[in-house]
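Scroll down for the structure; my scribbles are underneath it.
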Amino acid sequence: MPVTRLNHAVLYVRDLRRSVTFYTEVLGFRPVNMTPDGFAGAAFLQAPGSTNDHDLGLFEVGHDAGPSLAGRSTVGLYHLAWEVDTLEELERLAGRLGEAGALVGASDHGTTKALYAKDPDGIEFEVSWLVPAELLDEAALDARRRIGPLDLDREKARYGSQTRGGVGISTPKVPA
C-alpha cells in the first residue's frame with residue numbers, strides 16, 4: 001500500500017460553530033459545501049492552497065463530551081501535522097496561533113521546524129516547515145536525534161524566509 005499523502009482528517013468536536021470559526025479565522029481554512037442533506041452537525045473545510053475536496057471534517061458530539069484521554073489513559077491519536085511552504089508562513093502562523101491563545105510549543109527537529117498548538121477542544125496539531133532535500137546537511141540530519149527550541153530568525157537567516165520547504169522530501173522536485 002504505497003501511501004502518497006494524507007488526504008483529510010476528521011475530528012469530533014464539542015461545538016461545531018466554535019471549531020469552524022477557529023480553523024477558518026486562525027488557520028485560514030475555508031468551508032466547502034459538501035455536507036449531505038439532512039446531516040446536521042458536520043462541516044468540511046479546505047486548507048488554503050489545497051486541491052482536495054476537503055482537508056478537515058468536523059463532527060459535533062455536543063458540549064457534554066469529555067476531553068480526549070489519548071496518551072494519558074487511553075490509546076489514540078496524538079496530533080496531526082500540516083506542512084507550510086515557507087518559514088515566513090510558519091512565522092505568520094506562530095503569530096496567529098499566539099494571538100488566539102492556541103500556541104503551546106515550538107521545536108527544531110533538525111530537518112523539521114515545528115509549531116504545536118491546540119484547537120478549542122484541546123486537540124493538538126502541528127504546523128511545520130521541512131528543510132528541502134537539497135539543503136539537508138550533516139548538522140540538520142544529526143539534529144533529528146534531539147529536539148531543541150525553535151529560533152525562527154536563525155532558521156530564516158540560514159534557509160531564507162521564502163525558500164519552499166519539503167521539496168524532494170514531501171513534495172516532488174520540479175524538473176528545471
With only helices counted (DSSP H, runs n ≥ 4, each -39500 (n - 2.57)), the per-residue ellipticity at 222 nm for the chain, to the nearest 500, works out to -6000 deg cm²/dmol
antiparallel share of DSSP beta bridges within segment 80-159, to nearest 5, in %, is 80
Computed over the chain, the relative contact order (Cα-Cα under 8 Å, seq sep at least six) in percent reads 19
Taking a straight Cα-to-Cα line shorter than 19 Å from residue 173, and setting aside same-chain aspartates and glutamates fewer than 8 residues away, one finds 83, 85, 134, 137
Of all DSSP beta bridges having both residues in segment 1-145, the percent classed as antiparallel (nearest 5) is 65
Here the percent of antiparallel bridges among DSSP beta bridges lying wholly in segment 9-60, to the nearest 5, is 60
In the chain, helical segments from DSSP H whose Cα atoms cover 20 Å or more along their own axis and that average at least -1.0 on the Kyte-Doolittle scale are none
Residue by residue through segment 51-57, the couplings from Karplus 6.51 cos²θ - 1.76 cosθ + 1.60 with θ = phi - 60°, in Hz, x for Gly and Pro, are 10, 5, 5, 7, 10, 9, x
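Taking K and R as +1 and D and E as -1, what net charge do the other residues with C-beta under 12 Å from the C-beta of residue 96 add up to?
With Lys, Arg at +1 and Asp, Glu at -1, the neighbours total -3.
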Taking the chain, the whole-percent share of alpha-carbon pairs separated by over 29 angstrom is 26
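How high is the relative contact order of segment 89-176, in percent, with contacts defined as C-alpha pairs under 8 Å that are six or more residues apart?
28
Read the figures in this text as sums done on the coordinates, not as results from a lab. Everything numeric in this text was worked out from a predicted model, so none of it was measured. Neighbour counts run over all protein chains shown; Cβ positions are idealised from the backbone, glycine included.
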